[in-house]
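The values are calculated or read from the model by the stated rules, or taken from the named source; none is laboratory data. Quick caveat, the model's predicted, so the values are computed rather than measured. Counting neighbours? That spans all protein chains shown, and the Cβs are built from the backbone with ideal geometry, glycine included. When the accessible area is computed, the model is the full protein with side chains, heavy atoms only, and any ligands, DNA or RNA have been set aside. Shrake-Rupley method; radii C 1.70, N 1.55, O 1.52, S 1.80 Å.
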Amino acid sequence: MRTGASAGARRARRGFVLVLPGLWVLGVVSWELCQPTSGRLLQLLAAAPAIACAGTGRRQCVLLGGVCALVALVPFGVAGAGPGPGTRLMTCGAILAVVGASYLTAGRRLRLLHELERTREVATAAQRVLLRPLPPRIGGLVLAADHLSASEGAVVGGDLYEVVGTRYGVRAVIGDVRGHGLAAIGTVGAMLGGFREAAHDEPELTGVLRRLERTHQRHLGERARRPDPADGGGAAGPSGEEFVTLLLVQITQDGSVTALNCGHPWPYRLVWRAVDPVVPLTPGEPMPPLGLFPLPADAAPVCCGRLRPGEGLFLHTDGAVEARDGTGEFFPLAQRLHSSVATAAGAPGPAPAGVVDDVREALLRHAGGRLPDDVAFVLLCADGTGGDPAVPVTATGAHTPWEAGFTTLNGRSG
């Protein structure tokens, strides 16, 4: 409905801009006929093509304004009472000059708009490669994820997530880099690259976390030596207050869930067709975020129970619970999840995409479309079909040997 209304509004504006030069000419000519000014007022007809160009920049509008202005130069009234040939010729010359300038301006504007559109496409493709859309399924898990950036027009911000299928089980990460928006993209890229390698190489989840800690330290050191504009120009080095909150989750084939938490919000367990479908997981006290203190030597994953068919894990960043409405109220994430799961309970099985979309729309309505921080959601649902977690399933149901989350530049899973 919003798309149709927006298209209708664009058509209405386009029609108005097409008619406006003619209305301008009609108004000037009518005034001249009713209140003769010896042709002085007719010089305002030169503004018709400029109005058309400023409205849309389309060449058709420029030509329409010029034709309307030239037609209005035809002598009106009693012979000898209107402007003389010299005045009409000067007015015609002024109109032609404005038409030519408007034509050139419209062409340049169109070229700039096309260039801007291409730049946006390239930027979106690059961001999609960094924060890749997840495949719809890995093994016996159905996936859904979404990300909202606090920077207008950006796809990626300071939040990160990834899910990969490995021979050790399905491993997922969700995190929040200090700062938000475009200034945090450099750190997000470093952490995602480190996780995608370590998740396949390290047999233990603790090894993945220690690899990520080393990746973060190495990234900060390189940024201090070579300032990166994507990270705010390297204003803060390794000794600065640079940290990342992370939640690592591993789900084995039998549904056992283990996690490592470094200063990140714990997830929610969602149980379809249950009296209380939303249960917060708090299996232990989180460790400090990466970058503030070294990891403890005895860091070990905590057990979060078993993920049975018809259950899911909802991972999120703190931006989802810190968003406020106009009265200062925080977004009630748990309540929204409760109603979303209840609405999706009528489906044949877990519908993670519907839940994520519903939470996203509710969050945007609550915040009035303006988010103070980046937001990321990841929902992992067990449907009981099993399968090899190291072999993700594409949207068409075909298996692919590549790692989970592989996408093409056009953003489609495959």
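Could you please let me know if TYR103 is open to solvent by 30 Å² or more (accessible area, probe 1.4 Å), aromatic (Phe, Trp, Tyr), at negative phi and at pLDDT below 80?
yes
I'm told ILE138 meets every condition in (1) surrounded by fewer than 24 Cβ atoms within 10 Å (Cβ to Cβ); (2) more than 16 Å from LEU248 (Cα to Cα); (3) hydrophobic (A, V, I, L, M, F, W, C); (4) in contact with a strand residue (DSSP E or B) (Cβ under 6 Å, 6 or more places away or on another chain) except one. Can you identify the failing condition by its number?
Among (1) surrounded by fewer than 24 Cβ atoms within 10 Å (Cβ to Cβ); (2) more than 16 Å from LEU248 (Cα to Cα); (3) hydrophobic (A, V, I, L, M, F, W, C); (4) in contact with a strand residue (DSSP E or B) (Cβ under 6 Å, 6 or more places away or on another chain), ILE138 violates only (1).
For the range 181-210, what are the residues that are open to solvent by 30 Å² or more (accessible area, probe 1.4 Å), within 16 Å of PRO296 (Cβ to Cβ) and part of a helix (DSSP H, G or I)?
Hit for the range 181-210 is ARG210, nothing else.
Answer with yes or no whether PRO348 is exposed (fewer than 15 other Cβ atoms within 10 Å of the Cβ), at pLDDT below 85 and in a loop (DSSP other than H, G, I, E, B).
yes
Residues in the range 280-305 that are within 13 Å of PRO265 (Cβ to Cβ) and assigned to a strand (DSSP E or B): how many?
Result for the range 280-305: 1.
Would you confirm whether any residue within the range 381-395 is modelled with pLDDT under 65, open to solvent by less than 30 Å² (accessible area, probe 1.4 Å) and under 25 Å from ALA274 (Cβ atoms)?
No, the range 381-395 contains no residue that is modelled with pLDDT under 65, open to solvent by less than 30 Å² (accessible area, probe 1.4 Å) and under 25 Å from ALA274 (Cβ atoms).
Show the residue pairs that are 6+ apart or on different chains and have beta-carbon atoms under 9 Å apart, the first residue being within the range 351-379 and within 16 Å of TYR161 (Cβ to Cβ), the second being of a type in the set (Asp, Glu) and in a loop (DSSP other than H, G, I, E, B).
Once the first residue is within 16 Å of TYR161 (Cβ to Cβ) and sits in the range 351-379, its partners that are of a type in the set (Asp, Glu) and in a loop (DSSP other than H, G, I, E, B) give ASP373/ASP318; VAL375/ASP318.
Going by the structure shown, is ASP298 in contact (Cβ under 8 Å) with a residue 40 or more places away in the chain, open to solvent by 40 Å² or more (accessible area, probe 1.4 Å) and of a type outside the set (A, V, I, L, M, F, W, C)?
no
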